[in-house]
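The values are calculated or read from the model by the stated rules, or taken from the named source; none is laboratory data. Since this is a predicted model, take the numbers as computed values, not measurements. Note that each Cβ is placed from the backbone with ideal geometry, even for glycine, and that neighbours are counted across all protein chains shown. We work out accessible area using only protein heavy atoms, side chains counted, and drop any ligands, DNA or RNA first. Shrake-Rupley method; radii C 1.70, N 1.55, O 1.52, S 1.80 Å.
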Amino acid sequence: MKKPFLIILLCAGLIHVINLQAQDVEGLIQDSKTKKPLAFVNIVYTSWGQGTVSNIDGEFSVSSSRDIEFLKFSFVGYHTKYISLAEIIPGKKILVKLIHKTYDIEEVKVLPGVNPAHRIIHLATENRKLNNPEKMQSFSYTSYSKMYFTLDIDSLKAKSSSRSGDTDAFLEVRTETSPADSTDVSEKDDLEEIEDFLEDNHLFLMEFVSERGFMHPDKNSEVVTASRVSGFKDPSFTMLATQIQSFSFYDDLLMLWDRKYLNPISRGSTRKYLFIIEDTTYTEQHDSLFVISYRPLKGKNFDGLEGILHINSNGYAIQNVIAEASETKGIFRVRIQQKYEHIDNQQWFPVQLNTDIMISPEEAKVNGQPMTLVGVGKSYLSDIKLNPEFKRRNFNHIEVEVEDDAHKKNDAYWDQYRVNPLTRKDTNTYRLIDSLGEEAKLDRSLKILETFASGYIPAGYFNIDYKSLIHWNQYEGFRLGIALETSDKISRWIHIGGKVAYGTRDKDLKYGSHLKVNLNRRRDAFLKLTYNKDVVESAGWRFVEKPPITSSEVFRSFLIANKDKIEEKSVEMQFPALRYIKLNTYLNQNVRQVTTDYRYQVSTPEGVEQTDRFKITEAGIMLKYAYKEKFLETPRGNRLSLGTNYPIIYANLHVGLPIFGGDYEYTKVEGKITKTFISKSMGDTKLALVGGWTDRSLPYPILYAGAGSYGVFTIETENSFATMRLNEFVSDRFSSIHFQQDFGKLLFKWEKFQPGIVLAASAGYGTIRADSRHINMEQNTLEKGYYESGILFNNLLRHSILGYGLGVFYRLGPYTLPKTIDNFAFKFTMRFNL
């Protein structure tokens with residue numbers, strides 16, 4: 001009886017093996033606790049180490065043509081799991097749950113000797129140019145991206161349990177209900193409602209399809225062809241999703257959200273990072289796959305990443321990577337995953353990009369309790385073409401734009417690109433949030449927000465300039481008023497505006513009006529006629545663009561104490577003259593009246609007179625040149641600058657004309673160059689060069705006052721002289737340089753206190769022609785050179801996205817004041833931290 005039984009058992013085993021070899025072994029790998037899929041888990045299936053890895057979604061497939069002996073799953077930070085051949089059921093997908101290890105990573109010790117991981121990292125670094133797809137001549141691809149946001153309900157459960165105790169282990173019976181009891185019950189009910197909602201819905205969901213073309217060295221064009229956003233028809237949100245992470249993992253500095261980090265695959269990285277070979281497997285192509293974990297070395301102070309690299313011996317290229325900031329800054333924490341494939345056996349190219357966003361619990365609260373807001377994004381690249389033929393005319397300065405009908409694509413179009421069909425939760429989210437969005441008019445709210453970002457508050461048929469409502473400066477005191485302009489509801493091409501304001505200190509009324517004709521909204525081209533009766537800084541200057549609201553340079557307007565009254569009529573035209581040039585031309589006729597006791601001698605038919613009123617007719621050109629500046633373009637034609645890696649140049653040419661009552665003929669030239677240099681180990685170096693020149697002596701209001709921003713204790717203003725009093729100096733020719741070395745947290749690194757250290761220095765030089773016509777002009781000249789230096793301690797305190805700090809500057813050189821204390825300027829700093 002034993003023999004037939006053994007034969008039957010043997011036959012059953014053979015049938016099992018035959019069935020197993022007839023089908024691919026597929027499955028999903030999850031974290032045993034969170035149930036989240038685990039990307040890039042090592043899977044070995046032969047005794048000599050041949051294997052594969054799970055994809056970004058935690059899925060794996062082992063080809064039936066392989067001699068599968070067993071399945072071994074290993075992943076950094078998790079216990080290894082084995083599955084025998086007998087446990088594999090043919091045709092049934094395997095669910096593998098890995099258990100997280102509990103250990104302290106700080107216990108890892110660096111032993112003396114050569115780190116074997118360094119050889120692999122050095123080879124990967126040396127091959128960066130060959131493996132970086134953005135070093136190719138050209139490429140193109142189509143991508144499908146999906147992102148959703150939800151709440152980490154487990155974080156709230158844990159907090160609730162910690163307050164109420166272990167309710168599973170103990171049952172407390174109370175005979176009387178107290179207020180605390182009712183609060184606990186209420187919170188439980190709310191928590192259950194939230195759980196029920198999140199079981200069936202995301203908070204937010206969006207998808208988009210885009211087509212990207214690239215031509216070396218930096219020509220980019222990405223067009224969003226399809227977009228769907230829960231609650232919105234407007235596809236503007238999709239613009240942000242394209243900018244969260246770097247496309248490839250080969251640049252010296254990698255972008256995560258809005259911050260740059262030192263790449264572990266860069267020269268000198270082995271002196272900054274700890275690399276550990278965690279595993280070595282062999283791919284189905286018989287290449288070695290090195291699994292290397294990395295994190296900043298203890299005691300090294302820089303913006304670093306931590307994660308896992310999979311380096312393939314075929315070209316020592318990155319096959320998979322996981323990365324996140326080693327230390328959390330601001331309210332966002334971003335974790336990325338990238339998967340590469342060897343396309344056409346020619347080039348390693350990313351095929352999947354994942355992004356996980358965690359928003360600080362302090363920014364998302366339920367019932368007053370912090371809860372982590374989680375965003376999960378996935379992008380799948382397809383139709384990858386290597387070295388397609390492109391012409392330069394295929395590209396322009398708009399790097400990302402959205403097709404007009406992107407939000408109107410039907411299901412048949414979407415089904416071409418969706419990697420997986422929409423889940424029940426996805427469908428529920430679109431149905432519910434779309435209906436809520438329509439009821440709440442979210443598209444209108446988004447349009448309002450976009451208008452607000454451009455400086456206006458939408459109010460029906462008018463847009464109100466919210467900056468005009470209330471402002472403060474030393475001359476006017478509180479400036480109260482309103483400035484408005486007709487909105488697109490009346491006309492997209494013609495806008496009529498007006499303003500009125502009153503100063504509580506100067507007790508004067510200001511007003512004005514304008515007519516603006518949009519010649520090309522997409523190119524920011526317009527014609528504008530203006531009348532103004534207002535006040536302007538005496539001996540000031542400006543360029544074609546104001547400083548961005550995130551720059552501390554905007555705070556100098558609060559400090560201005562010397563202004564001229566001005567009545568002006570002007571016509572201006574702005575248009576993009578060449579690819580990277582914004583040009584503004586104007587003709588202006590104005591009358592300026594000083595508000596101090598300054599006078600200027602002029603010759604009249606009656607003789608020499610002293611005047612405080614100056615009639616000026618001026619024509620000019622103001623331009624900005626930002627080489628290779630790139631933009632995002634919203635569906636409504638508004639453009640958001642993505643910046644440039646090159647210096648930005650501003651230039652002005654002003655010509656005084658003896659027409660329309662103008663009394664002064666002159667030529668003035670002004671310029672400004674700004675550049676930020678980003679270093680892997682020294683932080684950001686900011687430089688600004690500013691200068692002005694006139695061809696003759698002129699009245700004080702049209703000369704150049706020093707760019708002072710002094711106050712005993714005032715807010716810090718970059719690109720100005722912190723210790724120079726306002727209107728302390730005057731020049732008809734000047735130059736200045738402003739320098740800041742922002743070390744960030746590189747100089748100090750404490751766990752809970754990480755001030756950002758900035759060293760600053762400025763120098764200025766100027767001259768003025770001798771002119772006896774100036775009366776009561778008591779300002780100094782800058783002929784001896786003006787110097788100052790200082791230090792800023794940013795982010796001493798943090799609140800949400802804002803960081804507050806302190807700074808001090810000292811006045812040096814020939815213009816040092818007699819009293820030592822008068823040479824100091826103490827500053828309050830404010831920075832945005834996203």
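Taking amide hydrogens as placed 1.01 Å from N in the peptide plane, the amide H of residue 663 sits under 5 Å from those of 615, 616, 617, each at least 5 positions away in sequence or on another chain. The slack between residue 79 and residue 693, meaning 0.36 nm per residue of separation minus the straight C-alpha distance, is 213.9 nm. Over region 596-749, Cα pairs under 8 Å with separation of 6+ residues give a relative contact order of 17 percent.
Remark: spin-label model distance residue 558-residue 376 equals 4.4 nm, labels positioned 7 Å along the Cα→Cβ axis. Among 53, 554, the order of accessible area from largest down is 554, 53, computed with a 1.4 Å probe on protein heavy atoms. The Cα-based radius of gyration and maximum Cα-Cα distance (Dmax) for region 638-710 are 17.8, 58 Å. Between residue 395 and residue 286, the simple spin-label model (points 7 angstrom out along Cα→Cβ) gives 4.0 nm. Nearest 0.05, what FRET efficiency do residue 251 and residue 114 give at R0 = 30 Å with Cβ-Cβ as r? The formula returns an efficiency of 0.65 here.
Quotient of the Cα radius of gyration of region 764-813 and 2.2 N^0.38 Å, N being its number of residues: 1.94. Of the cross-linked pairs 260/425; 146/409; 146/546, those separated by over 25 Å at the C-alpha level are 260/425; 146/546. Is the C-alpha gyration tensor of region 519-573 telling us rounded, prolate or oblate? Criteria: a/c under 1.5 is rounded; beyond that, a/b larger than b/c is prolate, otherwise oblate. In terms of gyration-tensor shape, oblate. Taking all protein chains together, 249, 739, 232 sort by accessible area into 739, 232, 249, largest first [probe 1.4 Å].
Applied to region 650-659, the Karplus parametrisation 6.51 cos²θ - 1.76 cosθ + 1.60 on θ = phi - 60° returns per-residue 3J(HN,Hα) values of 10, 8, 10, 10, 10, 10, x, 10, x, 10 Hz, with x for Gly and Pro. Region 194-219 and region 496-531 have Cα centres lying 40 Å from one another.
Excluding ligands and nucleic acids, what accessible area in Å² is computed for residue 781 using a 1.4 Å probe, to the nearest 10? Approximately 40 Å² of residue 781 is accessible to the 1.4 Å probe.
For region 121-131, 3J(HN,Hα) computed residue by residue from phi via the Karplus equation (6.51, -1.76, 1.60; θ = phi - 60°) reads 5, 5, 5, 5, 5, 5, 9, 4, 5, 6, 9 Hz, glycine and proline entered as x. Ordered by 1.4 Å accessible area with all protein chains kept, 472, 493 run largest first as 493, 472.
Label-to-label distance for residue 769 and residue 467 is 3.4 nm, based on points extended 7 Å past Cα in the beta-carbon direction.
Does region 529-687 come out rounded, prolate or oblate by the C-alpha gyration tensor, with a ≥ b ≥ c the root eigenvalues, rounded set by a/c under 1.5 and, if not, prolate when a/b is larger than b/c and oblate if not? Prolate, since a/c reaches 1.5 and a/b exceeds b/c. Using every pair of distinct Cα positions in region 256-331, the Kirkwood expression returns a hydrodynamic radius of 13.4 angstrom. Here the Karplus relation 6.51 cos²θ - 1.76 cosθ + 1.60, evaluated at θ = phi - 60°, turns the backbone of region 545-557 into coupling constants of 10, 6, x, x, 5, 7, 8, 5, 4, 5, 6, 5, 4 Hz, with x for every Gly and Pro.
Going by the alpha-carbon gyration tensor, a ≥ b ≥ c the square roots of its eigenvalues, is region 666-749 rounded (a/c under 1.5) or, if a/c is not under 1.5, prolate (a/b greater than b/c) versus oblate? It is oblate, given that a/c is not under 1.5 and a/b is not larger than b/c. In region 44-87, the alpha-carbon atoms span a convex hull of 89 Å³ per residue. For residue 147, the solvent-accessible surface with a 1.4 Å probe is about 20 Å², rounded to the nearest 10. Counting heavy atoms of the protein chains alone, residue 575 has an accessible area of about 60 Å² for a 1.4 Å probe.
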